[in-house]
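The values are calculated or read from the model by the stated rules, or taken from the named source; none is laboratory data. If you're wondering where the values come from, they're calculated on a predicted model, not measured in any experiment. Counting neighbours? That spans all protein chains shown, and the Cβs are built from the backbone with ideal geometry, glycine included. In case anyone asks, the SASA skips ligands and DNA or RNA and just uses the protein heavy atoms, side chains included. Shrake-Rupley method; radii C 1.70, N 1.55, O 1.52, S 1.80 Å.
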Amino acid sequence: MKKITWTNVLTIAGAIGGAIIGNWAVSGLFSGDAGEDKTKFLMSTASEINKNLPMNVDSETVLIATIGAKETFTYNYQLPNYEKDNLDLKKFVETMTPKVTNFVCSTKEMQAFRDLNIFISYNYYDTNHKQITEIKVDTKLCQKI
């Protein structure tokens, strides 16, 4: 099994989302119905990112789509060199959950997401587009830094 450089995956995802959401948060789009504005913004952000997809994050990971809806921003990744049936799913989840959670809850790139109090969802798919797992982080539970 090849080694996956998850730090690169998470850094790129955070940089894309963080830069766009940071710009929105500063621009004061919270006038009016904040929930509706947040949803529109998340949808718009996903649409903008999706224009540049699929994007190779590294040799093991491809960002294939993003989705912004209601209180969740979702990153969909494909692991083109792996099949779900050949992965140790328990180990994958046990390894990735703390990495993803730490990244979302502690990095500067993800601060804007934390400020919005939304869920960040990382969905992973195998070479055959079978979903491997979803790892969801509730930014409301992140400690304030």
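Laid out as a table, the results:
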read-out: Long-range neighbours under 7 Å by Cβ, at least six apart or interchain, first residue farther than 18 Å from Gln131 by Cβ within the range 62-76, second open to solvent by 10 Å² or more (accessible area, probe 1.4 Å) and of a type in the set (Ser, Thr, Tyr); value: Lys70/Thr39
read-out: Any hit, the range 121-139, residues being under 14 Å from the mean Cα position of the chain (by Cα) and without any contact (Cβ under 8 Å) to a residue 12 or more places away in the chain; value: no
read-out: Some residue of the range 24-40 being modelled with pLDDT of 55 or more and crowded, with 20+ Cβ neighbours inside 10 Å; value: yes
read-out: Odd one out for Ile118 among (1) over 19 Å from Thr139 (Cβ atoms); (2) at pLDDT 90 or above; value: (1)
read-out: Cβ pairs under 8 Å, 6+ apart, first in the range 83-102 and open to solvent by 50 Å² or more (accessible area, probe 1.4 Å), second of a type in the set (Lys, Arg); value: Glu83/Lys130; Lys84/Lys130
